Every structure is written in C-alpha cells, then in structure tokens.
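Note sheet for the following structure.
The values are calculated or read from the model by the stated rules, or taken from the named source; none is laboratory data. Quantities reported herein were computed from a predicted structural model and do not represent experimental measurements. The area values use the complete protein model at the heavy-atom level, side chains included, leaving out ligands, DNA and RNA. Shrake-Rupley method; radii C 1.70, N 1.55, O 1.52, S 1.80 Å.
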Amino acid sequence: MEKVKLEEEIKELLLKGYEGGYWDYKSDYTDCPEDKLMDYICMANNLEGRDAYLIYGVDNDGKIIGIENTSYKRCNTKEINEFLRNKPFAGGYIPLISVDVLSLEGHELDVVTIKNTNKTPYYLTKNYNQTKGKTSKILKAGAIYTRVNDQNTPRELTANIEHTEYLWRKRFGIDMTPSEKLMKLLEDVGDWSETRWDIDRHSYNIHNPEYQINVLESQDAYETLSYFYDDERMLYAPLKLNYLTTTLYETELWYMDMGRCLIPKPEHKYDIEHGVYYYYYYIEKDSLNGKLLPLFAYGKSKCCDRSGREVPVLIFENKEMRVIFERWMEDNLSLKEKYIADLENNAIFQHIKRKEEKNRKVACDVLKVAVTFKFYKDWINEYYGYFYTTCTE
C-alpha cells in the first residue's frame, strides 16, 4: 500500500511539470559524490516539513524518459545508506533514505525518498571534497544547506537566518502544539519514567515532565478478548494524557489476565452484514492507542499473554492497511472452513472456547476472533513475506 501511495504522489508531482521545494527531477545519476551528498542534505533540510523526493528518469519538464538505460550505477537503499554512514554529520545524525523502483509509461523510475525527521538541520563537521581539482564542489563544514523553491543553497554559502532558525525549531519541537508534541514524545518509550501502573498509576516524560500519563481507579470489565489470556477476568481504568493541568487525550487502560498484562484500549470491528469476522486492532502510526501500546507492552507493538504467546490483536501500520486487509479477507472467504477445522483440533483454542461457554458468553464469539486472526496471519505472510506465530498455534 505504501508503494501504491508513493506512485500516486509521484504521478501528481510529474504532472506539475516543474520542480519544487521537496521534489527534484533527475534525468540520470551522477558519479560525483559531492553532488549526491548535496542533494541528500538539501532534501533532508527541506522547508516544507515533509518527505522529499529525488525522481530519477525524468527530464526537467517532468517527462518520463526512464532510468533503465543509465550509464551510471543505479543506487538502492542499502548503498545510499552505506554512502551516508561514513560522512561527518554533526551529532551522528544521518538522513533517513529509501529507494523504490516504479514502473510508469513503460519505463522504470528510481524514487529516492528522504524521510521527514526532527533531526534537522543536517550538516557536516568537516569539509567534504572527494573530486580532486574541483574546489567548487566542496561542501563546507558547519554550512546549513537547504532548498528554496526549486533551488539548493549555493555550496559557498549557508542558509539564511530565517531558514536556519526554522530547522532548529523543528528539531526542538518549538512550533508544535502540545497535542502534536505529545504524540511525538510517545514514539520513544525510553523517554518515559518507569512506573508500576497498579500502584503508582503515573508516568511523565523525562525530558519534558510537563507531559504526563495518569491512570484513574480501575473497575471490573468484560471483553471477548479477555478469554485469550490465562485468566479471563479483567479490569479497565480511565487513562488521561496531560500537558500541565490540561487533559489532551482520554482513553482506557485494560488490565488483562486480572492485571498481569496491560494494554491501551484497542479499536474493534464487527462484520454486522455477514457476521464473518470480529477483531480487535491498533493503528500504529495514526492513532493514540497505537502509539501507547509499546509503552505498556515492553517496547513491542504486539499483545502477548504472560507466557509470551501472542493474543489476537491485529496491528496495522495505517488506516489504509486495515481496509486492504478486509478486502483481502472478503476475497478469501473460502479459507474460513479450513480455519474453523484447524481450531477444532487445537487444544489451546478448545480450552478458550470452554471458558467462554462456561460463562455463557458465547454470543460474543471467540471463534470469530480466532478465525479473523488466522485470516490476518495469512494476509501478513502474503503481503510482507514473514510469518508470525498465532495465539492459537
């Protein structure tokens, strides 16, 4: 899905017919290391505050000519990152870069994506000049290079004070709203104070202690998901994320396995029309609870019981991936009977089902949850090429 989105965005940029502040047309590669490094730095320091693109195989007007017949060596993600790794970047911060090959109009394009980060400005601590006899190619130590409209900063200069200030403010999150900054702070689990959520019920960001997470009093609760833990009893408690005295976000903390396993409240989806699937899920990048999960799951984006066995909670990178999964599942409903047969022969699942029947909660249907999880695992295996061990194996 990410590649599909990238292709659509590149098509839109090519239709413009001109270069801009975060995209640059390249008819071919170059063997000049200074030119390559200059492009990477300027794009990493772009003033749009977003991912930037070097599009190889396109002329100056955005017309596709292809890169498949280049006379230079084409670069992949690994090669570019190795090229950057030994450069004298200040603080050791290196631009994050990936390469995708797109097929458009019968030609191949190499799209180099320079990721948007808060590590700006990227700059060198030593002069960089590998091309002998060409001092005009030197990238200067301490110079801040960026991109204004369709032009890179001249090598003999540095960005103006306004643009330099913007890049530093971006690093320190000065221009973010408190809500935006909190979502950013949640991405680094190690920056939050250690706590015992059943006793202390409080954590704060070590570098920004005005950002705090508070758990209120817990009470008994019930969810179908709880049967997949050793002890199906669970509690829930209101969870508040505060900036000083202001509550920015509210959600719930679930104490699964009678408090032995903690997870932020996942979303859930039930197939009302066909009654085929029922699942719990997190969106990693686009949701608050998706960002909170690693904080309670020891740094992992995964839900496990006390023995480390994964429980059936689906993890999606973004909202689009969840939609793709549902479409795939609907296209492969013929697998349902096979999954059910597998579960009927699975001792762990049969134990889970008996717990549900004993409590007379069958209407909530652990079978649908387990079957949907099997669909998910096969989908993951097909789309990403790796296999997770399910909670019912």
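Okay, here's what the table says:
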item	result
For the stretch 81-204, fraction of C-alpha pairs farther apart than 25 Å, in %	46 percent
Reciprocal of mean inverse Cα separation for the chain (Kirkwood radius, Å)	24.3 Å
Arg147 accessible area, assembled protein chains, probe 1.4 Å, Å²	10 Å²
Carbon + sulfur, % of accessible area of the stretch 281-362 - ligands and nucleic acids excluded, 1.4 Å	46 percent
Residue-normalised accessible area of the chain, expressed per residue, 1.4 Å probe, Å²	51 Å²
Inter-part distance where the stretch 117-138 and the stretch 248-262 are each reduced to a Cα centre, Å	49 Å
Ser27 long-range amide H proximity, modeled H, under 5 Å	Gly57, Val58
Asp39, Asp61, reordered so the largest accessible area comes first (probe 1.4 Å)	Asp61, Asp39
Accessible surface of the stretch 1-88, 1.4 Å probe, proportion on carbon and sulfur as whole %	45 percent
Percent RCO, i.e. relative contact order, over the stretch 147-215, from Cα pairs under 8 Å lying at least 6 residues apart	16 percent
Solvent-accessible surface (1.4 angstrom probe) belonging to His351, in square angstrom, nearest 10	100 Å²
Relative contact order of the chain, pairs being alpha-carbon contacts under 8 Å that are 6 or more residues apart, as %	10 percent
Shape parameters for the stretch 176-236, alpha-carbon atoms, Rg then Dmax in Å	15.0, 43
Accessible surface of the stretch 156-211 [probe 1.4 Å, protein heavy atoms]: carbon and sulfur percent	53 percent
Beta bridge orientation in the chain: antiparallel %, DSSP, nearest 5	85 percent
Exposure rank, largest accessible area first [Glu210, Glu165; 1.4 Å]	Glu165, Glu210
List Phe373, Phe172, Phe83, ordered by accessible area with a 1.4 Å probe, largest first	Phe172, Phe83, Phe373
Rounded to whole Å, sorted largest first: equivalent-ellipsoid semi-axes of the stretch 1-95, Cα gyration tensor	23, 17, 13
Asp200 accessible area, 1.4 Å probe, all protein chains in place, Å² to nearest 10	90 Å²
Calculated [θ] (222 nm, deg cm²/dmol) that DSSP helices of n ≥ 4 give over the chain, each run adding -39,500 (n - 2.57)	-9500 deg cm²/dmol
Long-range Cα-Cα pairs in the stretch 201-276 (distance over 15 Å), rounded percent	61 percent
